[in-house]
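Visitor: I'd like to ask some things about the structure below.
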Amino acid sequence: EKGGYDYFMLKEIDEQPQAVAETLLGRLSETGQIVLDEVRLTDQDLRDVDKIFIIACGTAYHSGMVAKYAIEHWTRIPCEVELASEFRYRDPVLDRSTLVIAISQSGETMDTLMALRHAKEQKARVLAICNTNGSTIPRESDAVLYTHGGPEIAVASTKAFLTQLAACYLVGLHLAQVRGVMYADEVGAVVDQLQQAPAQLTEVLAAMGPVRQLARDLKDASTVLFIGRHVGYPVALEGALKLKELAYMHAEGFAAGELKHGSIALIDDGTPVVCIVPSPVGRGMLHDKMVSNIQEVRARGARTIVIAEAGDEAVAAYADHLIYVPRTPTLLAPLMTTVPLQVLACGIADARGNDVDQPRNLAKSVTVE
Ligand code: M6R
């Protein structure tokens, strides 16, 4: 069943190009229009939306964080992302013009389900992004966009994350299109880029040898830090979560700009710091800020592991280990930059002799609160 792989996780990491392609399939028309027929919300409903809440847990929450950047940029609708377990127990301001997007691989996560019910009680419309046909969360939602990632067996979420990102991008573009805030050719340009993602992911996967080697080198680290900005920030959080969950190692993700407000004190001689660098193209300022953050941590002794876009030579001087991924527009970059972090966590866990597919204390689907 593992198809020759040692772990389901490795198989699922390798399935990502296909999983993303399947999730996009049939949803992008030749004219660059987005087709979302399973969304049972009328165009008028979508035009009436004046606020979006994304609710999710764990890895799905990280995909929601990325979605916020894309949705606000493309649609200009205010969008908040919240952990389902927090959303549920406070008093969020919602009404029938609020769109709640519940993201869940399993469709059975109790916290997300309870948050969804909480939203429905206040008449908000709920759109589920889910990987499991007929599961509870989509059944209780007004509309559902299925990610077609296929079954995910390993406890650590990999292909589900990438397909959630793809689905969120589709939702964002669709909203922008229906509301007339993006021209068809602008949507078409993003769609073209999205369609290249599966082939680019295949390239990323083919270049993972050095990351597997690095994983063996880092197996005895006492802590690993991850830093990123903009959409690289949720990627940093996701990289740290994978490492905690699989390697039982202390790991933390930070918004790189926050480091100097306290956390930089953690850095000691040789502390591994994984740095997610935004594209130097388009948002050059963001890139330059990140490069100075890398210099700062390195000046304090960090061993820097830099994930950057192919062709970005400016970072090379500050990288103890440099991993290039193909060029994408900034908002889509998490589709690429997450993959080395999955491979790294899987490799470290394996080198430490852990059960990669069934980490201690965890269940694939968290059906208790
Ligand atoms: O099935 P869900 O997407 O609702 O699950 C949410 C989290 O429990 C899940 O993403 C968890 O964080 C993963 N094990 C992380 O790899």
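The values are calculated or read from the model by the stated rules, or taken from the named source; none is laboratory data. If you're wondering where the values come from, they're calculated on a predicted model, not measured in any experiment. Cβ placement follows ideal geometry from the backbone for every residue including glycine, while neighbour counts extend to all protein chains displayed. Ligands, DNA and RNA are excluded from the accessible area calculation, which covers all protein heavy atoms including side chains. Shrake-Rupley method; radii C 1.70, N 1.55, O 1.52, S 1.80 Å.
Visitor: Just need a number here: residues in segment 312-369 that are open to solvent by less than 10 Å² (accessible area, probe 1.4 Å), in contact with a strand residue (DSSP E or B) (Cβ under 6 Å, 6 or more places away or on another chain) and assigned to a loop (DSSP other than H, G, I, E, B).
Guide: Summing the residues that are open to solvent by less than 10 Å² (accessible area, probe 1.4 Å), in contact with a strand residue (DSSP E or B) (Cβ under 6 Å, 6 or more places away or on another chain) and assigned to a loop (DSSP other than H, G, I, E, B) in segment 312-369 gives 1.
Visitor: Would you mind stating whether Val297 is in contact (Cβ under 8 Å) with a residue 60 or more places away in the chain and open to solvent by less than 30 Å² (accessible area, probe 1.4 Å)?
Guide: Judged against the criteria, Val297 is a match.
Visitor: Please specify each residue of segment 220-239 satisfying the condition of being of a type in the set (Lys, Arg) and either under 19 Å from Pro359 (Cβ atoms) or within 16 Å of the ligand (Cβ to nearest atom) (or both).
Guide: Once the filter is applied, which keeps residues that are of a type in the set (Lys, Arg) and either under 19 Å from Pro359 (Cβ atoms) or within 16 Å of the ligand (Cβ to nearest atom) (or both), segment 220-239 yields nothing.
Visitor: Let me ask something else. Yes or no: segment 102-124 includes at least one residue that is away from the ligand (no atom under 11 Å from the Cβ), touching a residue at least 24 places away in the same chain (Cβ under 8 Å) and among the β-branched types (Val, Ile, Thr).
Guide: Within segment 102-124 (the criterion being away from the ligand (no atom under 11 Å from the Cβ), touching a residue at least 24 places away in the same chain (Cβ under 8 Å) and among the β-branched types (Val, Ile, Thr)), the answer is no, since none of the residues qualifies.
Visitor: Residues being small (Gly, Ala, Ser) and modelled with pLDDT under 85: count how many of those fall in segment 23-50. Talk me through it step by step, then tell me what you get.
Guide: Step one: of segment 23-50, the residues small (Gly, Ala, Ser) are 26, 29, 32.
Okay, now just the ones that are also modelled with pLDDT under 85, so 29, 32.
Final tally of qualifying residues: 2.
Visitor: Let me ask something else about it. Quick one: in segment 95-117, which of the residues that are in contact with a Leu (Cβ under 9 Å, 6 or more places away or on another chain) and either over 19 Å from Pro78 (Cβ atoms) or modelled with pLDDT under 95 (or both) is surrounded by the fewest Cβ atoms within 10 Å (Cβ to Cβ)?
Guide: That would be Asp111.
Visitor: Scan segment 240-258 residue by residue and report those that are within 15 Å of the ligand (Cβ to nearest atom) and either among the hydrophobic types (A, V, I, L, M, F, W, C) or part of a helix (DSSP H, G or I) (or both).
Guide: Within segment 240-258, Ala240, Leu241, Lys242, Leu243, Lys244, Glu245, Leu246, Ala247, Met249, Ala251 meet the criteria.
Visitor: Determine whether segment 131-146 contains at least one residue that is open to solvent by less than 10 Å² (accessible area, probe 1.4 Å), within 21 Å of Lys242 (Cβ to Cβ), within 14 Å of the ligand (Cβ to nearest atom) and hydrophobic (A, V, I, L, M, F, W, C).
Guide: no
Visitor: Separate question: Please indicate, with yes or no, whether at least one residue in segment 231-252 is without any contact (Cβ under 8 Å) to a residue 12 or more places away in the chain and either within 20 Å of the chain's Cα centre (by Cα) or over 25 Å from Val20 (Cα atoms) (or both).
Guide: There is at least one residue in segment 231-252 that is without any contact (Cβ under 8 Å) to a residue 12 or more places away in the chain and either within 20 Å of the chain's Cα centre (by Cα) or over 25 Å from Val20 (Cα atoms) (or both).
Residue-by-condition table, conditions (1) open to solvent by 10 Å² or more (accessible area, probe 1.4 Å); (2) more than 15 Å from Leu41 (Cα to Cα); (3) in contact with an Asp or Glu (Cβ under 9 Å, 6 or more places away or on another chain):
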site: Ile129; (1), (2), (3): no, no, no
site: Gly150; (1), (2), (3): yes, yes, yes
site: Phe161; (1), (2), (3): no, yes, yes
site: Cys168; (1), (2), (3): no, yes, no
site: Gly180; (1), (2), (3): yes, yes, no
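Visitor: Just give me the residues in segment 55-91 being within 16 Å of the ligand (Cβ to nearest atom), free of Cβ contacts under 8 Å to residues at least 60 places away in the same chain and either open to solvent by 30 Å² or more (accessible area, probe 1.4 Å) or of a type outside the set (Gly, Ala, Ser) (or both), in sequence order.
Guide: Once the filter is applied, which keeps residues that are within 16 Å of the ligand (Cβ to nearest atom), free of Cβ contacts under 8 Å to residues at least 60 places away in the same chain and either open to solvent by 30 Å² or more (accessible area, probe 1.4 Å) or of a type outside the set (Gly, Ala, Ser) (or both), segment 55-91 yields Tyr61, Val81, Glu82, Leu83, Glu86, Phe87, Arg88.
Visitor: Could you tell me which residue of segment 23-44 is surrounded by the fewest Cβ atoms within 10 Å (Cβ to Cβ), considering only residues that are touching a strand residue (DSSP E or B) at 6+ places or on another chain (Cβ under 8 Å) and more than 18 Å from Pro138 (Cα to Cα)?
Guide: Val35
Visitor: Scanning for something farther than 30 Å from Val191 by Cβ and out of contact with any helix residue (DSSP H, G or I) (no Cβ under 7 Å at 6 or more places or on another chain), does segment 336-354 turn up at least one residue?
Guide: yes
Visitor: What number of residues within segment 147-177 satisfy the criterion of being within 27 Å of Ser97 (Cα to Cα) and either among the charged types (D, E, K, R) or more than 14 Å from the ligand (Cβ to nearest atom) (or both)?
Guide: Going through segment 147-177 one residue at a time, the tally reaches 10.
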